[in-house]
1. So is S100 more than 19 Å from I172 (Cα to Cα) and either modelled with pLDDT of 95 or more or not basic (K, R) (or both) or not?
2. Is there a residue being crowded, with 18+ Cβ neighbours inside 10 Å, in a helix (DSSP H, G or I) and either of a type in the set (A, V, I, L, M) or modelled with pLDDT of 95 or more (or both) anywhere in segment 321-338?
3. Between P224, P165, which is surrounded by fewer than 19 Cβ atoms within 10 Å (Cβ to Cβ) and in contact (Cβ under 8 Å) with a residue 60 or more places away in the chain?
4. Mind checking whether some residue in segment 205-227 is more than 17 Å from the chain's Cα centre (by Cα), at pLDDT 95 or above, under 30 Å from F74 (Cα atoms) and of a type outside the set (F, W, Y)?
5. Among the helices (runs of 4 or more DSSP H) contained in segment 1-85, which hold 1 or more residues that are closer than 30 Å to V223 by Cα and more than 17 Å from the chain's Cα centre (by Cα)?
6. Which one of these does K260 not meet: (1) within 30 Å of H174 (Cα to Cα); (2) not in a helix (DSSP H, G or I)?
7. It is to be established whether one or more residues within segment 174-187 are in contact (Cβ under 8 Å) with a residue 12 or more places away in the chain and not in a helix (DSSP H, G or I).
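The values are calculated or read from the model by the stated rules, or taken from the named source; none is laboratory data. Predicted model, so just to flag it, every value in this text is computed and none were measured. FYI the Cβ positions are ideal-geometry reconstructions off the backbone, even for glycines, and counts take in every protein chain you see.
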Amino acid sequence: MRNIQIDILRALGLAMIILAHISPPAVIQQMRNFDVPLMVLISGMAFGLSFKQEAYNHYLWKRIKRLVFPVWIFLTGYFATLALLDLDIETLSARKIIRSYLLIDGIGYVWIIKVFLLVALVSPLIHRFHKATSSNKVYFSYLSLAFVGYEIARLLSQDFFNTEPGKIVEAISHYLIPYSLVFAIGLRLPSLQRDEVLWSAAICLLLFVSVALYLFIQTGGFVPTQTHKYPPTLYYFSYALGIALIAWVLSESVQRLLDKVTLLKAITLFIAQNSIWIYLWHIPFVKVATGPFPVKYLLVLSAACLMTWVQVWLVHNWGTKIFKDHSSQRNIKILLTG
């Protein structure tokens with residue numbers, strides 16, 4: 001059974017990620033800069049609520065099919081369309097294409113899939129730690145120490161990570177470690193009381209304000225957390241987690257509102273249930289859309305949702321006719337919906 005609160009946050013997170021790619025005004029850009037940690041937090045919550053014991057290789061294969069294969073399918077269609085129609089949307093090169101398939105950078109926007117994949121690699125191990133540590137105090141103390149340890153190691157090793165070998169290591173370690181810790185928070189979050197979540201949010205935001213004031217004194221102006229995102233720092237996470245935790249608390253009230261507005265609830269659930277393909281479809285539209293920021297945002301989000309709706313409709317109505325056996329139908333749905 002789906003958790004509607006998680007679906008609400010997943011739809012919110014996706015909407016905020018797409019918003020970032022429209023280049024909104026600076027204030028809005030900062031306000032929405034909690035999206036990726038929110039999505040990882042959600043994945044932790046969903047993993048914990050739906051966990052089933054299974055062989056690691058079987059679990060990992062399912063995650064690759066769900067995360068990587070849809071991206072490769074989209075990229076293949078995207079590159080083929082650009083080449084066949086000679087569209088002037090993207091300047092293609094072998095390097096850009098290869099780096100896109102490797103989820104490094106390439107056409108841009110695909111790095112977030114790398115984050116989810118890296119976290120997926122260690123999710124069963126984190127879940128084991130979550131189950132073995134019953135005390136919330138002990139659990140979050142370990143996570144806090146790990147966050148601080150990551151930040152210290154990041155600061156002390158900057159010279160190494162400016163070298164070519166260091167950049168390769170950084171592309172993995174500096175995303176795997178902190179986002180895995182965010183995932184670990186998500187595992188425990190549904191079991192926390194409302195007051196505990198709000199206190200945690202307050203601590204995160206207090207840390208954010210403290211670092212922001214320090215940076216303000218050093219630079220003479222507010223330093224956006226976006227500048228501390230690649231790789232992510234404690235400053236970036238302090239704001240993102242503070243807002244994400246507040247969003248989790250508010251999601252219960254939002255759910256009650258959606259229960260009264262059937263159409264809005266249906267749209268929210270559709271976005272949440274098909275987030276990866278809506279995200280992929282937004283890529284070409286964000287590259288061609290023009291106009292004022294609000295108009296451009298609505299156009300890109302609406303177009304991506306519409307294309308995904310058509311795709312899902314085709315899969316459910318034609319896919320079941322073309323592929324007769326249950327296994328093929330299930331695989332097509334995994335690859336082309338969700």
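1. For S100, the condition - more than 19 Å from I172 (Cα to Cα) and either modelled with pLDDT of 95 or more or not basic (K, R) (or both) - is not met.
2. Among the residues of segment 321-338, at least one is crowded, with 18+ Cβ neighbours inside 10 Å, in a helix (DSSP H, G or I) and either of a type in the set (A, V, I, L, M) or modelled with pLDDT of 95 or more (or both), which makes the answer yes.
3. Selected residue: P224, the only one of P224, P165 that is surrounded by fewer than 19 Cβ atoms within 10 Å (Cβ to Cβ) and in contact (Cβ under 8 Å) with a residue 60 or more places away in the chain.
4. Yes, segment 205-227 has at least one match.
5. Qualifying helices (runs of 4 or more DSSP H): 26-31.
6. Only one criterion is unmet by K260, namely (1).
7. no
So that you can scan it fast, the table gives a plain yes or no per residue for (1) over 15 Å from H21 (Cα atoms); (2) in contact with a strand residue (DSSP E or B) (Cβ under 9 Å, 6 or more places away or on another chain):
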position	(1), (2)
Y230	yes, no
Y236	yes, yes
K260	yes, no
W281	no, no
K324	yes, no
